[in-house]
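Notes follow the structure.
The values are calculated or read from the model by the stated rules, or taken from the named source; none is laboratory data. What you are looking at is a predicted structure, and each value in this text was computed from that prediction instead of being measured. For neighbour counting, all protein chains shown are included, and Cβ atoms are generated from backbone atoms with ideal geometry for every residue, glycine included.
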Amino acid sequence: MTKIAYNVCVLTVTYGNRWAFLKQILDRVLSFENVVDIIVVDNGTEYDLQAALSQLNNPLVTLLQQPENLGSAGGYKVGLSHFVADSKADFIWLLDDDNLPEVDALIHLLNAWPTIPLREDKKALFSLRTDRKNHILIAKGANPDQYYLVPDNFMGFHLFRILSNRYRKLMDQHRYKALPLRANKLPYVPYGGLFLHRHLVQAIGYPDERFFVYVDDSDYTHRITEIGGEIWLIPDSRINDIDISQGIRYKHRFWRSSILDLWNFRTFYQVRNRLYFYSRHALKNRFIFALNKWLYMTGHHLISVITGKGKAYKEFRKAVADGLSGRLGKKEKPTN
């Protein structure tokens, strides 16, 4: 049975014109009896969010309005800071504004919490995002090291793993197909679905605003692993993403690159921040990393020439250089 003593604060960050998604999330979490506080960070919405929230007429909802979009890093930092300073809840559950939890998602987290024999400041839980294929495979027993922080890869490319990766993917289709989902550890996770005690928040601090958007969640939650803590994927606690992520409909073709074809200011942050994070945590052999980088960049240069994506490639190179040099921060002028 779920302990009613476990009081939970839900934190979500929203932006743009996403009330149609956000309202579904708020309606759902307001129905959970253990939720005693809901923090909504207005991170640059294009409508009157305060007026929309007033329609809910619920005192549990607190709105934190920001003068500008602070990115996911800044938005979640504001919300987490408010939780530590002003909320009476024991736990905080982070949800993106399009993360719709299933009706029993929180109950499964609360039931799983006491089964992890670690201190409150050394463990976190994570709900299963049903569209994350890697997480489903890991819940069926796959080794997380196959997907996370692969040593010396460059943007996911590794010359000496091409054949082994193809073989593994082929075998995984059969190996894990009929296996049940079980709790398993992850080295880091997205914000949406993260469940942790206030003592852990106090131990790891707040997201690094220099990332602005993308990979800031990886950097933040990896701190849990770095201090000797554990993040447990709880597959019975499920979240459905009701919006479609960027690039999900992209059709991969020979001699095309999704990075170049879909290049925009968001792609810049994705590339820059990913390389910064991986160069700090997955760089083991500089020669192999340099080889993977040269092959990847050379291939993309050729693709840019063939497809007329020279401008995108130039921006891609800048993002790579900034990431490897640690030049973070918000871009003044987004690249379109």
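Highlighted here would be strands (runs of 3 or more DSSP E) found entirely within region 174-273 that include at least 3 residues which are modelled with pLDDT under 95 and touching a Cys at 6+ places or on another chain (Cβ under 7 Å), but there are none.
The set of residues in region 191-227 that are over 23 Å from Tyr15 (Cβ atoms) and of a type in the set (Ser, Thr, Tyr) contains only Thr225.
Let's see how each residue does on (1) within 13 Å of Leu26 (Cβ to Cβ); (2) not hydrophobic (A, V, I, L, M, F, W, C):
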site	(1), (2)
Ala52	yes, no
Pro67	no, yes
Asn99	yes, yes
Val103	no, no
Glu120	no, yes
Ala124	no, no
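When Glu68, Glu33 are checked against the criterion of being without any contact (Cβ under 8 Å) to a residue 40 or more places away in the chain, in a loop (DSSP other than H, G, I, E, B) and under 23 Å from the mean Cα position of the chain (by Cα), a single residue qualifies: Glu68.
Matching residues to (1) in a helix (DSSP H, G or I); (2) surrounded by 13 or more Cβ atoms within 10 Å (Cβ to Cβ); (3) free of Cβ contacts under 8 Å to residues at least 24 places away in the same chain; (4) within 24 Å of the chain's Cα centre (by Cα):
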| site | (1), (2), (3), (4) |
| --- | --- |
| Leu283 | no, yes, no, yes |
| Lys293 | yes, yes, no, no |
| Thr298 | yes, no, yes, no |
| Ala319 | yes, yes, no, yes |
| Asp322 | yes, yes, no, yes |
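Every condition in (1) in contact (Cβ under 8 Å) with a residue 24 or more places away in the chain; (2) buried (at least 16 other Cβ atoms within 10 Å of the Cβ); (3) under 19 Å from Gly75 (Cβ atoms) holds for Asp243 except the one numbered (2). For region 97-124, a tally of residues being among the polar types (S, T, N, Q) and either modelled with pLDDT under 95 or within 18 Å of Val10 (Cα to Cα) (or both) returns 2.
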